[in-house]
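Heads up: the structure comes next, in C-alpha cells.
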C-alpha cells in the first residue's frame, strides 16, 4: 500500500508575533481558500509536523483542536486527512 504524500508543508515565523499553533491553523485556512487543499487530501501527521518544525507536540495538538471541532480535518489511522472545508456542506459548497 503506497502512502500518500501530504499536500501542505507548514512553516513558522518566529518574528510574526502570532502564536505557532495559530500560524498552523491560518496556513490550513489559507490553503483551503486558495484551493490548495481539497476534501480527501492528506495533511501531515502530528508527528511529522512536530519533527519538521521542531516544536512541542502540544502546540500541534492545540492547532488541530479547533480544526477538528469545525470538521476541517479528521484523523484516520494516525494520518490526518482533510474532511471538508468549513464552508462546505456534506456534498460540496453551500
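The values are calculated or read from the model by the stated rules, or taken from the named source; none is laboratory data. Since we're looking at a predicted model, the values are computed, not measured. Cβ: placed from backbone, ideal geometry, glycine included. Neighbour counts: every protein chain shown.
The rows are residues; the columns are (1) at positive phi; (2) modelled with pLDDT of 85 or more; (3) in contact with a strand residue (DSSP E or B) (Cβ under 7 Å, 6 or more places away or on another chain); (4) part of a helix (DSSP H, G or I).
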position	(1), (2), (3), (4)
7	no, no, yes, no
16	no, yes, no, no
30	no, yes, no, yes
37	no, no, yes, no
40	yes, no, yes, no
59	no, yes, no, yes
67	no, no, yes, yes
71	yes, no, no, no
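Taken over the stretch 18-28, the residue count meeting the criterion of being assigned to a loop (DSSP other than H, G, I, E, B) and over 14 Å from residue 55 (Cβ atoms) is 0.
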